[in-house]
1. Rounded to the nearest 10 Å², what accessible area does residue 129 show when all protein chains are kept and the probe is 1.4 Å?
2. Taking loop as defined by DSSP and a crowding limit of 15 other beta carbons within 10 Å, which GluC sites (Glu not before Pro) in the stretch 38-70 fit?
3. Say a paramagnetic label sat at a point 7 Å from the Cα of residue 100, along Cα to Cβ; which residues of the stretch 110-129 have their backbone N under 13 Å from it?
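The values are calculated or read from the model by the stated rules, or taken from the named source; none is laboratory data. Given the structure is predicted, the values throughout are model-derived calculations rather than measurements. In this analysis, Cβ positions are derived from the backbone assuming ideal geometry, glycine residues included, and neighbour counts consider all displayed protein chains. Side chains included, ligands, DNA and RNA excluded: accessible areas come from the protein's heavy atoms. Shrake-Rupley method; radii C 1.70, N 1.55, O 1.52, S 1.80 Å.
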Amino acid sequence: MKTNKLLALLIIVVATVVIACEKNEDVTQPSIVINSPTAAQEFKKDSVIINFTINDEDIHEVGFTINRLSDDSLLYDYPMTHLHSNPYTYLDTLSIVVPDHTDAILTITAVDHNENESSAEVEFHIHPM
């Protein structure tokens, strides 16, 4: 009888440890909302407004690029930056000099501490003058 009680107690302890050690893995990707530019929006070369917000309870890195659509050449690079704010909001007016009318694409990437990654894109136009 004493052995049965010890065995039952051991089972309860082991079950408690197993349950307590289970991790609730975060599988939710960061949410990206692009406020500017909007699709097909047009900017002068010195007035490209970039504004976006990222939400994630465990945000880790954010970066973005602006590329020419015709040949995918890089026009602007904001490298992956380590941060820990939620939400994270970026707002800046960039000067992107282009020699001719240029269709461009903004690509934003966000990664959280559990390596969940998301990206968002929008195409817009830059005037050379």
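1. Accessible surface of residue 129 is approximately 150 Å².
2. On the way: sites: 42, 57, 61; in loops: 57.
Of the GluC sites (Glu not before Pro), the ones in loops of the stretch 38-70 whose Cβ has at most 15 other Cβ atoms within 10 Å are 57.
3. 128
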